[in-house]
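Comments concern the structure below.
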Amino acid sequence: MSNLGYQRFFAELKRRRVFRVMAVYGIVGFVLLQIVDLVVPALLLPEWTYRFVALILMLGFPVAIVLAWAFESTPEGIKRTGEAAPGELGAILAAPASQRWPAGVAALIGATALLAGVWYMGRQSAPVSSADMASGPVAASIAVLPFVNMSSDPEQEYFSDGISEELLNLLAKIPQLQVAARTSSFSFKDQNLEIPEIADRLNVAHVLEGSVRKSDDLVRITAQLIRADDGFHLWSRTWSRTLDDIFAIQDEIAADVVEQLQITLLGAAPTVEVIDPEAYALFLQARQLGRQFSAEGYERANALYEHALEIEPEYAAAWSGLARNYSRQAGVLGTLSYDEGYRLAREAANHALKINPEYAPAYAVLGDIASSHDNDLAAAARHIGRALELDPTNSDILGSAVSLSRDLDRLDGAVALAEYVVARDPVYAGAHLRVGNRYRDAGRLDEAIAYIRTALSLNPGSSIAHYSLGTALLFKGEPEEGLRAMQQESSPGWRLIGLAIAHYALGQAEESDAALAELIDKYEQQWAYNIAEVLAYRGETDRAFEWLDK
């Protein structure tokens, strides 16, 4: 084709608006792929959904071009594109280059956007190999270590820890930044380890550390950003202000980190919600107490949450924290009656969402209630899916998604989600225990035992870990080893469950009966389901159903 022929061909493409269709299709396709990237994990859809959508978009691209060439939109509807009017192509060719090139560039941008989206989806759905992990952390990755409490009162440590966690949560909202999970970062508290070693264990390229000194209404915060490979300080800054400025300080630290790591934000920088400083301090203390997972801790935490809400009634995080505590008191500890505790939890979570309809942790609580109390897995999937859509990296929400996948009997999905949590939270014993339990559910016992033993090496006193190990060993046909594991369980209730089934597996009926009798005597009200499980394991089907009715 001669040069003039090429020019007339491209002029015809422009007249038929083919370039415009290419640009719009490519950009819309790219946006659609980003939406799929959020929706697939949120709705627990299979991983092939990524590739299916990408394939459809790629196959549709040439079809859209052909249709754009052959048809045009007119006031009378869609019609076949007619021949060019005399002189129409000549006018296009005669136009200055500045008027001709934008259409072609727009088409190129659209096609590039579509290809970039497809490539990105391929990267997202591809499994991470050991070679990828060995290549080291990405440049835009960070761990936030717990800031040191420099106050004269050791009781103020909840405040310094809370500030560190709020900074971590703020940075985690930046999609371009990989942030190590709180449980792993905080596991190095009070350990005399060098920054490069901590960063290597967490697979991050940078570390943010600092100190907090609080005295009455005054606060002094020092923060420093460290490059992990050589310990070089990239940035350091100190603020001395009143508590009223605590939220502005956190915003400034996050903005400085973004600047130092040369991160280009696609949207506005995330900021901290500004609330009453006294209510904020009460919230931080309540959250810390709730993590003791004890009856006394929950009671004290609830009182502090309620005090914070008296000061700041529209504090969604405090309502959600209260909801989480109520659900655990009813469903885990049994210190609140089952129905009453979950009723209070539901009311508090809904109150949080009334204040902030996009507060992800409250949706996660509603999902847990729907699953644990209502036995409504469809509702649980909706709530947890929405929570993941709003906050896809939150470890607690991901944990809820793992449990839901197990309840839906999607064991491969549960394992994949649990392993993702371990990748984000590599030194958190609970994350390894969760993977081990899901492998056990899937019948992959050797892998289950390996993960559970890793959890115990990270935290030898981890509750339920020895019980989990014992059940995996029992299922593997090693009852003697299973019994030894059960005897080491730190939770009294789970130890009794484990002993009842392990002794039965060994043919020791008297010892099994004694453990079961003690279990019923101490935990009849809150653990009827678990008692039914023990009876089912022992082959006592009728009694098991009686306890399930309870």
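The values are calculated or read from the model by the stated rules, or taken from the named source; none is laboratory data. Here the structure is a predicted model, which means the values were calculated and not measured. So basically every Cβ, Gly included, is an ideal-geometry build from the backbone, and we count neighbours across all protein chains shown. Heavy atoms of the whole protein, side chains included, go into the accessibility calculation; ligands, DNA and RNA do not. Shrake-Rupley method; radii C 1.70, N 1.55, O 1.52, S 1.80 Å.
Being open to solvent by less than 70 Å² (accessible area, probe 1.4 Å), touching a Phe, Trp or Tyr at 6+ places or on another chain (Cβ under 9 Å) and assigned to a helix (DSSP H, G or I) narrows it down to one residue among Gln288, Gln250, Gln224; which is it? Before you say what the answer is, go through the steps one by one.
Values: Gln250 fails: touching a Phe, Trp or Tyr at 6+ places or on another chain (Cβ under 9 Å); Gln224 fails: assigned to a helix (DSSP H, G or I).
Selected residue: Gln288, the only one of Gln288, Gln250, Gln224 that is open to solvent by less than 70 Å² (accessible area, probe 1.4 Å), touching a Phe, Trp or Tyr at 6+ places or on another chain (Cβ under 9 Å) and assigned to a helix (DSSP H, G or I).
Here is a yes/no grid of residues against (1) modelled with pLDDT of 90 or more; (2) within 17 Å of Glu314 (Cα to Cα); (3) of a type outside the set (Lys, Arg); (4) under 23 Å from the mean Cα position of the chain (by Cα):
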| residue | (1), (2), (3), (4) |
| --- | --- |
| Leu336 | no, no, yes, no |
| Glu340 | yes, no, yes, no |
| Arg346 | yes, yes, no, yes |
| Ala352 | yes, yes, yes, yes |
| Ile355 | yes, yes, yes, yes |
| Asp368 | yes, no, yes, yes |
| Ile384 | yes, no, yes, yes |
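Return yes or no: is Tyr467 open to solvent by 10 Å² or more (accessible area, probe 1.4 Å), modelled with pLDDT of 90 or more and among the aromatic types (Phe, Trp, Tyr)? Show your work before the answer.
On the way: open to solvent by 10 Å² or more (accessible area, probe 1.4 Å): yes; modelled with pLDDT of 90 or more: yes; among the aromatic types (Phe, Trp, Tyr): yes.
Yes: the conditions hold for Tyr467.
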Point to revise | Leading residue by the ranking (nearest to Ile142 (Cα to Cα)) among those in region 430-470 that are in a loop (DSSP other than H, G, I, E, B) and among the hydroxyl-bearing types (Ser, Thr, Tyr) | key: Ser462
Revision key, fill the gap. Note: among Leu499, Leu473, just one is surrounded by 17 or more Cβ atoms within 10 Å (Cβ to Cβ), at pLDDT 95 or above and more than 22 Å from Ala431 (Cβ to Cβ), namely Leu499
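For residues that are charged (D, E, K, R) and under 21 Å from Glu252 (Cβ atoms), scanning just region 138-179, find the one that is surrounded by the most Cβ atoms within 10 Å (Cβ to Cβ).
Just the residues of region 138-179 that are charged (D, E, K, R), to begin with: 153, 155, 157, 161, 165-166, 173.
Now narrow it down to the ones that are under 21 Å from Glu252 (Cβ atoms): 161, 165-166, 173.
Details: Asp161: 23, Glu165: 19, Glu166: 21, Lys173: 14.
By that ranking, first place goes to Asp161.
Which of the residues that make up region 355-370 are out of contact with any Ser or Thr (no Cβ under 7 Å at 6 or more places or on another chain) and buried (at least 18 other Cβ atoms within 10 Å of the Cβ)?
In the first step, residues of region 355-370 are kept if they are out of contact with any Ser or Thr (no Cβ under 7 Å at 6 or more places or on another chain); the result is 355-358, 360, 363, 366, 370.
Listed by number, the residues that qualify are Ala360, Tyr363, Leu366, Ala370.
For region 312-429, give me every one of the helices (runs of 4 or more DSSP H) that falls completely inside it and has 2 or more residues that are of a type in the set (Asp, Glu) and over 19 Å from Ala172 (Cβ atoms). Even if it seems obvious, please write down each step before you answer.
Details: elements: 316-328, 338-355, 360-372, 377-390, 395-407, 411-424.
Answer list for region 312-429: 338-355, 411-424.
Any idea how many residues of region 428-444 are open to solvent by 30 Å² or more (accessible area, probe 1.4 Å) and more than 24 Å from Ile198 (Cβ to Cβ)?
Residues of region 428-444 that are open to solvent by 30 Å² or more (accessible area, probe 1.4 Å), as a first pass: 428, 434, 440-444.
Imposing the further condition that a residue be more than 24 Å from Ile198 (Cβ to Cβ) reduces the set to 440-444.
Summing the residues that are open to solvent by 30 Å² or more (accessible area, probe 1.4 Å) and more than 24 Å from Ile198 (Cβ to Cβ) in region 428-444 gives 5.
Just to be sure before I move on: is Gln488 under 20 Å from Leu473 (Cβ atoms), touching a helix residue (DSSP H, G or I) at 6+ places or on another chain (Cβ under 6 Å), surrounded by fewer than 18 Cβ atoms within 10 Å (Cβ to Cβ) and of a type outside the set (Asp, Glu) in the structure I sent?
Details: under 20 Å from Leu473 (Cβ atoms): yes; touching a helix residue (DSSP H, G or I) at 6+ places or on another chain (Cβ under 6 Å): yes; surrounded by fewer than 18 Cβ atoms within 10 Å (Cβ to Cβ): yes; of a type outside the set (Asp, Glu): yes.
Yes: the conditions hold for Gln488.
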